[in-house]
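These notes are about the structure you will find just below.
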Amino acid sequence: MATTDAVGAPPAVKSDLEAKKASAQQQIDPYNVAGEVDEQGNIKAIDYDRLIQEFGVQPLSEEHLRRFETVTGKKAHRLMRRKLFFSHRDFDKILDAYEQHGTFMLYTGRGPSSGSMHLGHTVPFLFTKELQEMFDVPLVIMMTDDEKYLYTRNKNEGHQKAGVAPEDFLDFAHENIKDILALGFDPKKTFIYTDYEYLGGHFYRNASEFESLVTFNQAAGAFGFGNSTNIGLIAYGAKQCVAAFPSSYPDLFGLKDYRGPDFPPEAKRRHKSLASIPTLIPCAIDQEPYFRILRDRCERMTDPHPKTSLILSKFLTALQGPGGKMSASDPNSAIFMSDTSSQIKNKINKHAFSGGRESLEEHRKLGGNPDVDVAFTYLSYFLEDDEELEDLAKRYRSGELLTGEMKQRCIAELQKFVTDFQERRKKVTDEVMREYMRPRKLEFGGNPSPTKPKAAANGDEGTASNGAAADGEKAAREDGRGTKGERKAAKLAEKKAQKLAQRPKDAEEGAGGT
Ligand code: TRP
């Protein structure tokens with residue numbers, strides 16, 4: 001082993017995942033979210049401006065919000081208005097594509113590391129759901145039971161955790177799926193799947209191709225992998241990347257998957273055209289390293305995909321305050337979607353970090369700081385009314401509003417959100433869940449009046465995104481699933497065409513030959 005290790009050891013690679021954790025620098029990647037730790041051991045708030053610099057993403061500007069409102073004809077979502085979704089890559093391009101060609105695909109996901117979800121986990125899904133409604137586009141949600149299994153096995157390198165099986169994570173995934181669906185996704189345009197159950201077909205072929213484009217060194221650089229990282233985790237990223245390609249899901253666009261050399265060329269062409277549908281990924285910024293790798297390579301696929309657009313969120317602060325995020329492994333840091341109203345009340349009252357002053361007198365005189373106040377922060381995520389939010393901040397700053405009162409307002413809002421959620425969750429039976437998980441043609445309208453309805457990038461009809469979607473619909477009827485009569489008629493037409501092409505006088509020189 002030692003000799004192979006020596007040969008394979010790339011010099012620039014960190015020794016392993018854990019080694020990075022000891023660093024006192026701010027660290028944000030798919031496996032770590034931690035603010036900077038100062039010399040006294042205090043955790044500082046996550047510095048999002050620095051993250052924008054470091055990751056090379058763009059801040060979401062007022063101009064983007066205005067453009068969003070023009071294109072959709074709807075008010076920008078509160079999470080965008082308040083810059084909780086604060087940065088992006090090529091968000092403008094997805095708006096352009098939607099404006100001109102009419103559709104795109106939304107993609108997001110979740111790693112089911114446990115059976116219960118907390119408030120922070122719902123944020124990207126709430127946002128995605130409303131984007132889906134505003135744009136009327138298809139959405140895929142990936143549940144990465146494989147990733148979480150491999151990560152858990154990797155944590156105790158050498159002496160791997162016993163008694164943990166892939167099935168445990170599949171079970172977590174199903175529980176999480178029910179939570180996600182309780183947020184109210186439209187079954188007509190939403191497909192949700194677990195990797196263990198769905199991966200295969202064109203998805204898997206895309207994954208293989210993508211794996212061939214990423215070296216160990218590149219994966220190690222992006223995720224902090226080392227020589228003792230298990231090979232499953234090293235390769236996993238390719239799956240999360242190609243999940244962004246509409247061509248990974250032919251069924252959703254009414255197409256059949258490739259079935260061998262006699263697969264109709266027409267169906268092949270239609271499937272190729274899926275590659276031109278652009279994708280937008282709403283997610284928390286810790287997932288950005290995956291999609292940086294994706295964007296660098298998607299145009300190098302055999303069927304090149306346009307660079308994926310991203311819209312990236314901050315993390316929902318832990319109850320203890322800025323510097324950490326809600327974590328399922330620390331029950332006092334998080335409000336769970338299964339918490340009762342009285343648990344929510346107790347957690348906020350007991351644990352929520354306050355931006356208020358030491359004494360009532362001081363608070364009245366000097367005022368509080370809503371920016372670090374956890375109750376106010378949660379309200380900024382969940383309270384729809386801009387005016388009320390602004391008013392709460394103002395009165396807190398002036399000292400008129402006390403910490404206890406801010407907390408009370410927060411408790412009421414969260415209790416309502418969580419109880420409504422729990423009511424809907426009860427209705428998500430196995431049967432309901434399985435309907436969302438069935439690979440099937442999705443129904444979506446997209447932009448009702450795109451500016452270039454049939455236009456295509458290179459003049460070939462069917463390469464424009466809306467063309468591809470329309471193609472998908474047509475193909476559903478034509479790619480072999482048609483009736484016997486239809487297939488017979490198609491064969492006759494093909495023979496006729498061949499005969500015509502063979503008539504020397506009718507055929508132009510070279511036509512039909514190449
Ligand atoms: N890796 C993500 C997690 O651990 C899960 C995930 C898969 C995801 N695909 C995604 C998250 C796309 C956001 C967007 O939660």
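The values are calculated or read from the model by the stated rules, or taken from the named source; none is laboratory data. Computed from a predicted structure; not experimentally measured. Side chains are part of the model used for accessible areas, which takes the heavy atoms of the whole protein and leaves out ligands, DNA and RNA. Shrake-Rupley method; radii C 1.70, N 1.55, O 1.52, S 1.80 Å.
Ligands, DNA and RNA left out, the accessible area of segment 341-425 computed with a 1.4 Å probe is 47% carbon and sulfur.
Number of Lys-Lys pairs in segment 125-259 with C-alpha atoms under 27 Å apart and a separation of 8 or more places or on different chains: 19.
Shown in residue order for segment 424-430 are the 3J(HN,Hα) couplings computed by the Karplus curve 6.51 cos²θ - 1.76 cosθ + 1.60 at θ = phi - 60°: 5, 4, 4, 7, 7, 7, 4 Hz (x for Gly and Pro). For segment 341-425, compute the orientation-averaged projected area of the C-alpha convex hull (one quarter of its surface), in nm². Mean orientational projected area (segment 341-425, Cα hull): 5.4 nm². Sequence-distant contacts, meaning Cα pairs under 8 Å at least 6 residues apart, place the relative contact order of segment 197-247 at 54 percent. What the Cα convex hull of segment 110-230 gives, in volume per residue, is 139 Å³.
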